[in-house]
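Accompanying notes for the structure given below.
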Ligand code: FES
């Protein structure tokens, strides 16, 4: 997968161009319309978001307008049009975590980390997403998952801030797992 923190100018469009030429060859405009979502999913899978040059390439390849592409990208919440942070964090807001204080934790996190509307910290270190579904480790509630595999439980304001700072400082996430 490409470096998720790369800027628009650094995007390597060749892998996307190859996929489009191989798998996205509509016979008519109607078919091109139907392929837009799939092409955007390929771009997001490659880059972690859909950069403007990738959207333009998809538009040119399918013969649709860039406005049509961005209309769909902004309609569907699963697509990102801004680069994600370096580390992906899911903060659980499921039932058990709610009972154990996730609501308050989310508010404190927003204040302490100055999250933007897209959930990114200003330094680009984290992308935070609050999830209402259970992360499957209710015994650790309230809990956060970082970088898809690492769970941090029994969180409070101080512990969450300490974990995030340690990751910013370059401490391997593995070494922080299970910290109480
Ligand atoms: S509700 Fe948060 S891990 Fe189950």
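Distance distribution P(r), the chain, all Cα-Cα pairs, bin width 10 angstrom from 0: 9, 33, 27, 20, 11, 1 percent.
Share of antiparallel DSSP beta bridges in the stretch 87-176, in percent to the nearest 5?
On the way: 7 of 13 bridges.
In the stretch 87-176, DSSP labels about 55 percent of beta bridges as antiparallel.
Size check on the stretch 68-140: the Cα extents along the three principal axes, sorted descending, read 44, 24, 18 Å.
Highest-first packing order for the peptide set 71-78, 92-99, 152-159 is 92-99, 152-159, 71-78, based on the mean count of other beta carbon atoms within 10 Å. Each stretch of four or more DSSP H residues adds -39500 (n - 2.57); spread over every residue of the chain, this sum gives -13500 deg cm²/dmol at 222 nm. The calculated FRET efficiency for residue 99 paired with residue 169, based on their beta-carbon distance and R0 = 25 Å, is about 0.20. Distance between the 7 Å Cα→Cβ label points at residue 158 and residue 41: 4.6 nm.
Both radii were evaluated on the Cα set of the stretch 87-176; the Rg over Rh quotient, with Rh as the Kirkwood radius, amounts to 0.92.
All Cα-Cα separations within the stretch 8-75 were binned at 5 Å from zero, giving a P(r) of 3, 18, 35, 27, 13, 3, 0, each value a whole percent of the pairs. Each DSSP beta bridge with both residues in the chain is either parallel or antiparallel, and the antiparallel ones are about 55%.
Where a number appears in this text, it was derived from the coordinates with a stated rule and is not lab data. None of the values given here were measured: they were computed from a predicted structure. Neighbour counts run over all protein chains shown; Cβ positions are idealised from the backbone, glycine included.
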